[in-house]
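To keep things clear, I will list the structure first and then write my remarks on it.
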Amino acid sequence: MSLPPGFLDELRTRTSIAQVVGRKVMWDTRKSNQGKGDMWAPCPFHQEKTASFHVDDKKGYYYCFGCHAKGDAISFVRETENVEFMEAVRILAQEAGMPVPERDPEAQQKADRMSELAQVMEQAVRHFRMALRAGGGREARAYLERRGLSEATLDRFEIGFAPEGWQGLWDHLTGQGVAPGMILDCGLARESQKGGKPYDVFRNRIMFPIRDTRGRCIAFGGRAMDPTDNAKYLNSPETVLFDKSRTLFNLGQAREAAGKGEPLVVAEGYMDVIAMAQAGIGAAVAPLGTAVTDTQLSMLWRVADEPVIALDGDRAGVQAAYRVIDHALPLLEAGKSLRFALMPEGQDPDDLIRTSGVAALRERLAEAVPMVVLLWRRETEGRDFDSPERKAALDKALREVIGRIRDPHIRRHYGQAIKDMRWQLFAPKRASGGGRPGPWRAPDHAPRPGTKSSALAAADAATQERLREAVILAALIRTPEVAAEFDGPLERLECRDAVHARLRDVILRHAEEGPGALVKEAEAALGAEALENLLRLPHVALIPAVRRAGDAELARMTVAEELAKINALKGIAAEISDAVEDMGGVADEALTWRLGQAAEARNRALRSQQEDKTEYDTADNGARVSRDEREAFDALLHKITFSKRKR
């Protein structure tokens, strides 16, 4: 079966030979360098104990120094799976998510045609290079000198010049015997709409050859010399050679540099890449005027696990970074991500090198931040979260974004990272010592002499609140799976006690990790003794939800009840405080009613919903009487009365 031109190249680009071979061998960890894609193992093709089988993941081939077996991912699958060529292609294509194209009987003709077109492109490269050195290229050479490009750099990137004139390249190529159809198919000229000769696509532009991973020139990029030109940069149109969504400028040279340990940098334009290469940062590439595509991300990740996206330091650059993030999120895999380095305001990498030197750029690249940091910045920068509704909107937006990550493990780690940053965003608002003061202060009344001497009853309002906080935190430590249901109330829990405040923050950040991990985090934050002391407090240890770890329903009910009690105490205090201000020495019926309602709300909350589910009636004297007891008493009274009458 014949395959379309370019299919096998793309398959090899999308396939990691280290992953393919890794299914059949055990890597020698002492000899291998996974970061550079330089892997060694005992050969799977002959019996040996030493690691003489070498895999170069960057270049996509293997070689055994013992038996001299060599090849690429396709040949490895053929040999180890004992399958034919097309079956090996199907296996790898399925893993790479590429449908195998239908039989193409004209594939060889197309391959030959592409080779011929590539030869025409090389003729165009030579023509443009000669034009740069001719008299008509004087201004272009002066511009390149002002940009600081050396002769060595011009030669390395084969930079040329397309002079003014409508048929300069056309006349040159046809004069060399190139068929007109070949020039048109290369995208070097266009048909005239007025019936005249075809005209050159590139005119009065500095020319940058664009090469594929095999080193063939497949397209050009042209930088306009005329500042009034409608298009500052112009790429070749798409042809059978050139698909800009599957191409990265300078990938061949960058792959070699990255194989030597340099970080892979993705810039926005040709000049950024060329300036970085001249400054010694050789592993730099650029997309060709489009947003980064799936294929381009796969190509980047084949070269480096964490390419650095270096973007201009303006709003457009930041927006471009956000678009890259949205595109990359569903494609993330373990060990495959992106980092982002934003340039100073109004500068690109080329500008930064010329104004501050390559050391300044290297510093920016070294400080590149992970994707999750820039994602958080997009959702929070310039916004206030001073209300529950705004916080809820932030949570919803972040859940939707994280939900686009397909890998469940990465999605979980992103969720934890976001939770940590969310905690840091809101934690500074809490006063040192455990929380910011609320808008009210509970009155400090001593208990009456006749009050029972229990811890809760004997304490003032602030002490009661601390005791109830201890119950809440202990219940959540014992059954952390219900903590997510109380994120909002927990954040608003003031926790004047510093130990309680730290424990609350630990629960907010680590509850999802499970009881064991949560206890470890709590012990690390508080110390094992402090946590044990909290759980052994008499009014805590006796709570059923603390004794019965893992009882979600009981823990949920306990936390909800204690939160309600705290809120009720705050409510009555706030009403009293407001009433003192409102009444001005005169209490009217409305004020009395408000205080009565607040007191009743407090009483309802303070009656345990777990322990006391009795229904009550109110007696004539205002006392609460159990309805069941009253009915039983009435029945007994009726029985006694009826018995007396019978006598």
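Considered as a group, the residues in region 215-240 that are under 19 Å from Met271 (Cα atoms) and acidic (Asp, Glu) include one that is modelled with the lowest pLDDT, and that residue is Asp229. Out of Ala549, Ala517, one residue alone is of a type in the set (Gly, Ala, Ser) and not in a helix (DSSP H, G or I). It is Ala549. With respect to the conditions (1) in contact with a helix residue (DSSP H, G or I) (Cβ under 7 Å, 6 or more places away or on another chain); (2) at pLDDT 90 or above, Ala88 falls short on a single one, namely (2).
Meeting the requirement of 3 or more residues that are of a type outside the set (Ser, Thr, Tyr), the strands (runs of 3 or more DSSP E) wholly within region 1-95 are 38-41, 53-56. Has region 114-122 got at least one residue that is out of contact with any Leu (no Cβ under 8 Å at 6 or more places or on another chain) and modelled with pLDDT under 90? Yes.
Residue-wise test of (1) surrounded by 18 or more Cβ atoms within 10 Å (Cβ to Cβ); (2) without any contact (Cβ under 8 Å) to a residue 40 or more places away in the chain; (3) in contact with a helix residue (DSSP H, G or I) (Cβ under 9 Å, 6 or more places away or on another chain).
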residue	(1), (2), (3)
Glu122	no, no, no
Ala131	yes, yes, yes
Glu139	no, no, no
Ala142	no, yes, no
Glu145	no, yes, no
Thr153	no, no, yes
Trp166	no, yes, no
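Among the conditions (1) modelled with pLDDT under 90; (2) in contact with a Gly (Cβ under 6 Å, 6 or more places away or on another chain), Ala131 misses just one, which is (1). Annotation: of all residues in region 488-502 being in contact (Cβ under 8 Å) with a residue 24 or more places away in the chain and in a helix (DSSP H, G or I), the one that is nearest to Asn567 (Cα to Cα) is Pro489. Exactly one residue out of Gly403, Gly382 is of a type in the set (Gly, Ala, Ser) and either touching a helix residue (DSSP H, G or I) at 6+ places or on another chain (Cβ under 9 Å) or under 14 Å from Leu329 (Cβ atoms) (or both), and it is Gly403. Within the option set Ala179, Ala224, being hydrophobic (A, V, I, L, M, F, W, C), farther than 28 Å from Pro307 by Cα and surrounded by fewer than 16 Cβ atoms within 10 Å (Cβ to Cβ) holds for one residue only, Ala179.
When Thr463 is tested against (1) at pLDDT 80 or above; (2) assigned to a helix (DSSP H, G or I); (3) under 19 Å from Ala530 (Cα atoms), just one condition goes unmet, and that condition is (1).
Residues satisfying the criterion are absent from region 296-311 (criterion: crowded, with 23+ Cβ neighbours inside 10 Å, farther than 23 Å from Lys59 by Cβ, of a type outside the set (A, V, I, L, M) and not assigned by TED's automatic domain parsing to the domain that holds Ser236). Condition check: under 11 Å from the mean Cα position of the chain (by Cα) and either of a type in the set (Ser, Thr, Tyr) or not assigned by TED's automatic domain parsing to the domain that holds Arg411 (or both). Does Ser337 satisfy that? It is true that Ser337 is under 11 Å from the mean Cα position of the chain (by Cα) and either of a type in the set (Ser, Thr, Tyr) or not assigned by TED's automatic domain parsing to the domain that holds Arg411 (or both). Residues in region 297-320 that are modelled with pLDDT of 90 or more and touching a helix residue (DSSP H, G or I) at 6+ places or on another chain (Cβ under 7 Å): Leu297, Pro307, Val308, Ile309, Ala310. The listed residues are Thr479, Thr451, and the only one of them that is modelled with pLDDT of 85 or more and closer than 26 Å to Thr558 by Cβ turns out to be Thr479.
Summed over region 256-307, residues that are within 25 Å of the chain's Cα centre (by Cα), touching a residue at least 60 places away in the same chain (Cβ under 8 Å) and in a helix (DSSP H, G or I) total 6.
The values are calculated or read from the model by the stated rules, or taken from the named source; none is laboratory data. Here the structure is a predicted model, which is why all the values come from computation and not from measurement. Using ideal geometry, Cβ is built from the backbone for each residue, glycine included, and neighbour counts are taken over all protein chains shown.
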